[in-house]
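Read through the structure below, which is laid out as structure tokens, and then see the notes.
Every read-out reported here was derived from the displayed coordinates using simple, explicitly stated rules and does not represent laboratory data. Everything numeric here is computed off the predicted structure, so don't read it as measured data. Because the Cβ atoms are built from the backbone with ideal geometry, glycine has one as well, and the counts that use them run over all protein chains shown.
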Amino acid sequence: MMDPAARQSKASDLMGEYARMTGLDPPSASPDRYLWTDAFAVCNYMGMFRETGREEPRDLALRLVRQVHHTLGKHRGDDGREGWISGLAPEEGELHPTAGGLRIGKPLPERGVGEPYDPHLEWDQDGQYYHYLTKWMHALAGAGRVTGDPAYLAWAIELARVAHARFVYRFPGSSQRRMYWKMSIDLSRPLVSSMGQHDPLDGLITYYELQFTAGRPVLSREIEDMAGILRGISLETDDPLGIGGLLFDASRIVQIAVRGGDSPCDLLLPILTAALSGLETFSRNGTLALPATHRLAFRELGLSIGLAGVTMVSEHWEKNLRVARVDGSLARRARALMKYLPIREDIERFWLDPAHHLCETWTAHRGINTVMLATSLTPGGFLLM
């Protein structure tokens, strides 16, 4: 296992590589921005600032926020439309850069009205993903907590409100609400109507995080909607990225609760139960024995990051009465998770090997792999609230 200093050094090198390859540092007039990756990167830089006190990573984080808003908050260069995707005037858009959501940053233009749906092509076509927007809300809230500037949290809340209004809809002929998986760039139409399995949970916990950071109930109606959508949904998955997301959400619930905030502690048991089930399946399916050509680093690193969250908050699951009294089996679930912690070291060791960075599964996703490896090595910026 790498010592903390070595982890910090390697993570810093990886984030420097990411900054150069995407046009963040030195700054490019046409930076290569991708919302998911950039959300993790903002958290990483803020974590480096918090850990070292050096101003450079904080400045890179804030520059990155500006680049994302001015790139993904505006229409593509190959789109006939111009300006902010919200439709706001230039000056108003500067004050409210998230009012229209944010593009994913995919290489191809979004599927046009009337164009047939191609499931393979859709992965490379632009639009908006709800679970990318929630990661950006988390990054903005973290930037606000670290800098003390209220604008970042205000942008996160504004993004939460518009995303919720456009992605959530009432199921025809029923009072039940559902969510779209993917929306058009201007949020006027769904591009993929099916619902992401964990999108309602991710949204619910993110809304609670924003309310906790704000210190007041700013998203009460949205929280009520998400809680309703979440009822009856199975959380179990054997996808490593999905399992990592469950553990990340559990860590946020605990952190809010132990600080006296309003937190949905009743969800801890089903979340941990689902994560345990997924880990049991994943640990048996042989993925970690495959060569790099048959593995996706960013999905495995998502699990590694989630497992780091188990380490950070496990003591609270046993010691804090407010959390532990939800169910007597909660502490047992927390202890059971601990036996899977060595998986994190296995994943990191494998993807730190330079030889595995030469295969197409790494190079095709170089940006996201690089940033999430850095997050796994130094997860505090992303996990700690």
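Can you give me the relative contact order of the chain as a percent, contacts being Cα pairs under 8 Å and 6 or more apart? So the answer I get is 18 percent. Counting only lysines at least 8 places from K74 when in the same chain, those with an alpha carbon closer than 20 Å to its own are K106, K135, K182.
Could I get the Rg over Rh figure for the chain? Both from C-alpha atoms, Rh via Kirkwood, rounded to two places. Mind showing how you got there, number by number?
Values: Rg = 19.9 Å, Rh = 21.2 Å.
In the chain, Rg relative to Rh is 0.94.
Look at the Cα gyration tensor of the range 33-233: its axes a ≥ b ≥ c give a/c of at least 1.5 with a/b at or below b/c, and that counts as oblate. Sites listed here are trypsin sites (Lys or Arg not before Pro) in the range 58-91 whose DSSP assignment is loop and whose Cβ has at most 13 other Cβ atoms within 10 Å: R81. Short-range pairs are left out: with C-alpha atoms under 8 Å and at least six residues apart, the relative contact order of the range 1-102 is 18 percent. Calculate I(q)/I(0) for the range 236-385 by the Debye formula, one identical point scatterer on each C-alpha and no solvent, and give its log10 at q = 0.09, 0.18, 0.20, 0.21 Å⁻¹ to two decimals. These q points yield log10 I(q)/I(0) values of -0.28, -0.99, -1.16, -1.25. Bridgeable lysines around K339 (alpha carbons under 24 Å apart, same-chain partners fewer than 8 residues away excluded): K319.
So, by mean Cβ neighbours within 10 angstrom, what's the order for 368-378, 205-215, 225-235, 6-16 with the highest one leading?
Numbers: 368-378: 26.2, 205-215: 22.3, 225-235: 15.7, 6-16: 17.6.
Most protected by this proxy first, the peptides run 368-378, 205-215, 6-16, 225-235.
Annotation: amide H of I85 within the under-5 Å range of K74, H75, sequence separation 5 or more or interchain, hydrogens built in the peptide plane.
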